[in-house]
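The block underneath contains the structure these notes are about, expressed in structure tokens.
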Amino acid sequence: MKREGFLQTFEEMGGTVLANACGPCIGQWKRADAVKGRVDSIVSSFNRNFPGRNDGMNETMSFLTSPEIVTAYAFAGDLTFDPVHGTLKTAEGKELKFQPPQGDELPAKGFARGEEGYVAPAENGDAIVVEIPPGSDRLQLLQPFPRWDGKDFIKLPLLIKTKGKTTTDHISPAGPWLRYRGHLDKISDNMFLGATNALYPETGKGTDVLTGEAGLPIAQIARRYKAQNIGSAVVGDENYGEGSSREHAAMSPRFLGVKVVLTRSFARIHETNLKKQGILALTFADPKDYDKIEQQDRVSVPGLSALAPDKPVRVVVHKADGSEITIQANHSMTEQQIGWFKAGSALNALS
Amino acid sequence: MSMELATNLYKRMPEAVAKARKKFGRALTLTEKILVSHADTFDTQVWERGKAMLALRPDRVAMQDATAQMAMLQFMQAGKKQVAVPSTIHCDHLIRAQTGAEKDLLRAIDENQEVYNFLASSAQKYGIGFWKPGAGIIHQVVLENYAFPGGLIIGTDSHTPNGGGLGMLAVGVGGADAGEVMAGLPWEVLHPKLIGVRLTGKLNGWASSKDVILYLCGLLTVKGGTNKILEYFGPGAEAISATGKGTITNMGAELGATTSIFPFDRKMVAYLNVTDRADIAKLAEANRELLTADPDVLRSPEKHFDEIVEIDLSTLEPHVVGPHTPDLARPISKMASEAKEKGYPVELKAALIGSCTNSSYEDIGRAAHIARQGLKAGLKAKTPFLVTPGSEGSTTR
């Protein structure tokens, strides 16, 4: 493009050329003139325009169209300009009607190509050490999750009972947490921060049932249980885990000791992600049983060594008054996926 | 870099395709030809659209720098010495636009040094190609270097389907999927349903490939493609450049589609030739039958697709979509009245071109043609105008 002078043309009209990267298209844009709360319009040739996508401002009205139309809009500065039918006033007071855009599909002279910026891997990588600085808050080597110890889950405390829409972004919020996406321990502090707890009025918070202390972030409660080597259970509503395939939404619960997630139904990808991380993903055979679960309940899943495809699982709920109720639950694990559960994760099963 | 992969694939495809035609008792779409040729085990696989889980063996894995972190950490957990599948890492997501190319790049390298060092060193160790910050946007680099007709690639980014412009199935996945495939596991995905998009006519005037997908966004909505693959066909398909096809398949992600694909044609040959891959172009031409749908699919598409959409490119108007969602679409001729009616602020605070979906030579050339007309008339941009080129290769053309 430099050869053709394209970029120079854009600079002549007052444009700024950015790095060969995603930049504003994924919100990596420090827009200098943006004012929080002010509604204004921008136009681009990008592919996404969700609120906040480009400049981080939820108010900004982002329109998408072709690059040639965007360029015409840049001259007009006005969303009501129609370059196909309308005209623009020039400095001499004349009317400019744009001719339809023309351009070659490919450069006639071919590309002046190179492999600039490419680094080939080592022939033999054995001696190479993967660089993770000690004490880094952005990267952390993963330790394999422990294998299933062969024991049934007995009287697990209830970590959270989510209510309504529980997307992966509610389970593992993005935003400032994305900085820590390479550091499982650190990012796990965001666990369930966006989720509605049916058993506590504040989003992302719940009750430590061992101490009775309420109003704590869910991750903090999970860390307390984990420190005492106590696993926990999560109960969820319909279509639990919809949204992006973000694996942190399954890895953080696993890392912080969640053993079983029992829901009215799962979003497919998240259900698989839970299985891959070695968490038992169950659904209520009767969705109404969801309503029976209370904060002080303890959850047992007996008979785990007899897990088999298409065979329902029995969940015993121990009530605070000493009574017990038995709930039928289903799983969708194949023979191979039961192997993942027993190995502790899909990756463990591989090595 | 993909000649060997293409050679091996085209060798094994005829058997898989013949087997599938027999098992299904009918002709095959292009999507099906690629799926059956990448099956982990064809015989035990259940082939039921919308129901069965497919276990597939992708040809390649591509990762961007944000999602690559967890993908690599998970891969390393498996304790393998080398990746099982050719893979690349592309540093494009962590660069924040602020003042311009050079300064933004230096700041990104400073802010993200430890992440880049980790990705570079792990790539070196495990046999992964590494594209440094500033080398380009993942989907452009993949299209220019790695994509080939008939291939199956997974990428840790939702706009991976950009590769469909070169006739391959390119699917966006999470980091865990990438980590597992690199470690040697098959990749699992719900057997998608198929939407056939029949294109007739030829784009003209202001209409561009972007308008094909913007129009479809309005028609099918952001949920219309969920668990579906869009397969384009018909005489109009061949009239669109390979990079234009890439724009369309890239934004298929906005429909929620698993991916989108165009059949192999002469426009792809031209693109492969100009990106120094005449060898792959020639090989693909010799295997054209494998890289396009069977004739019966074109004759009676209703027998082979779950849904069919028809678009006449000759009458397609330029479209504008938004705000806030890509399925709020209208032709540009209706924009002014709608803006007034709905009270959208009409003053534009910024205009931006480029990005992975629209930074091809053709896109930038057409935009520059408009820019030159304005400059000649003595006009300057009235609003901040930002340009994001797609790759280092495209800026040094």
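Listing for the model above:
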item	result
Residue tally, condition of a type outside the set (D, E, K, R), surrounded by fewer than 16 Cβ atoms within 10 Å (Cβ to Cβ) and touching a residue at least 12 places away in the same chain (Cβ under 8 Å), over the stretch B:83-116	0
Pick from the stretch B:36-82, criterion within 16 Å of residue B:152 (Cα to Cα) and hydroxyl-bearing (Ser, Thr, Tyr), ranking: surrounded by the most Cβ atoms within 10 Å (Cβ to Cβ)	B:37
Candidates B:272, B:283, B:298, filtered to the one that is away from chain A (no Cβ under 14 Å), modelled with pLDDT of 95 or more and more than 26 Å from residue B:214 (Cβ to Cβ)	B:283
Any hit, the stretch B:291-313, residues being closer than 18 Å to residue B:142 by Cβ, more than 15 Å from the chain's Cα centre (by Cα) and not in a helix (DSSP H, G or I)	no
Qualifying residue in the stretch A:189-208 (condition: surrounded by 24 or more Cβ atoms within 10 Å (Cβ to Cβ) and touching an Asp or Glu at 6+ places or on another chain (Cβ under 7 Å))	no
Selection from the stretch A:120-143 of residues that are at the interface with chain B (Cβ under 7 Å from one of its Cβ atoms), within 22 Å of residue B:112 (Cβ to Cβ) and not aliphatic (A, V, I, L, M)	A:121, A:131, A:133, A:136, A:138
Residues of the stretch A:34-55 satisfying the condition of being farther than 15 Å from residue B:354 by Cβ and more than 7 Å from every other protein chain (Cβ to nearest Cβ)	A:34, A:35, A:36, A:37, A:38, A:52, A:53, A:55
Extreme residue, farthest from the other protein chains (Cβ to nearest Cβ), among residues of the stretch B:195-213 that are surrounded by fewer than 22 Cβ atoms within 10 Å (Cβ to Cβ) and not in a loop (DSSP other than H, G, I, E, B)	B:198
In the stretch B:249-273, residue farthest from residue B:196 (Cα to Cα) [restricted to those that are assigned to a helix (DSSP H, G or I) and among the small types (Gly, Ala, Ser)]	B:270
Filter pass, residue A:64 being aliphatic (A, V, I, L, M), within 7 Å of another protein chain (Cβ to nearest Cβ) and free of Cβ contacts under 8 Å to residues at least 12 places away in the same chain	no
Single match in A:127, A:108, A:76, A:72 (criterion: over 28 Å from residue B:64 (Cα atoms), over 25 Å from the mean Cα position of the chain (by Cα) and free of Cβ contacts under 8 Å to residues at least 12 places away in the same chain)	A:108
Any hit, the stretch A:73-88, residues being more than 7 Å from chain B (Cβ to nearest Cβ), within 29 Å of residue B:315 (Cα to Cα) and among the hydrophobic types (A, V, I, L, M, F, W, C)	yes
When residues of the stretch A:273-318 are limited to those that are β-branched (Val, Ile, Thr) and more than 12 Å from residue A:331 (Cβ to Cβ), the one surrounded by the fewest Cβ atoms within 10 Å (Cβ to Cβ)	A:316
Test: residue in the stretch A:245-261 that is at pLDDT below 95, of a type in the set (S, T, N, Q) and at negative phi	yes
Selection from the stretch A:59-102 of residues that are surrounded by 21 or more Cβ atoms within 10 Å (Cβ to Cβ) and at pLDDT below 95	A:60, A:61, A:62
Whichever residue in the stretch A:9-30 is farther than 20 Å from residue B:106 by Cβ and in a loop (DSSP other than H, G, I, E, B) and, among such residues, is farthest from the other protein chains (Cβ to nearest Cβ)	A:27
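The values are calculated or read from the model by the stated rules, or taken from the named source; none is laboratory data. As the structure is a computational prediction, the values presented were derived from the model and not from experiment. Counting neighbours? That spans all protein chains shown, and the Cβs are built from the backbone with ideal geometry, glycine included.
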